[in-house]
Amino acid sequence: MPDSKAVRGSRGGGGTHQRPSLPTFYRQVIAELRKVVYPTQEQLITYFIVVMVFVLFMMALVSALDLGFGKLVFAIFGGNSDT
């Protein structure tokens with residue numbers, strides 16, 4: 001099976017690619033950061049609540065599964081130690 005161009009070729013298309021100078025790199029980073037749209041306080045609170053509800057739900061689910069599987073294992077292997 002032949003190699004694809006994505007694996008064989010170099011990044012970015014054509015000829016030699018040089019790294020930009022450090023000041024150019026920082027200017028480009030600042031320019032990209034200016035494009036970032038930060039959430040409003042209302043959006044941030046909404047996202048926080050959604051994430052917390054999801055995390056609490058997942059904690060409850062994992063805890064219930066752990067408790068259920070633990071009881072099942074004790075039922076199967078006999079957790080009685082009356083000897």
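The values are calculated or read from the model by the stated rules, or taken from the named source; none is laboratory data. Treat the numbers as computed from the prediction; the structure is a model and nothing was measured. Virtual Cβ from ideal backbone geometry, glycine too; neighbours counted across all protein chains shown.
Key figures for this structure:
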item: Scan of the range 29-46 for residues that are of a type outside the set (A, V, I, L, M) and not in a helix (DSSP H, G or I), ordered by number; result: Lys35, Tyr38, Pro39, Thr40
item: Number of positions in the range 16-28 that are assigned to a helix (DSSP H, G or I) and surrounded by 10 or more Cβ atoms within 10 Å (Cβ to Cβ); result: 5
item: The range 36-83, subset exposed (fewer than 10 other Cβ atoms within 10 Å of the Cβ) and modelled with pLDDT of 95 or more, residue nearest to Arg19 (Cα to Cα); result: Thr40
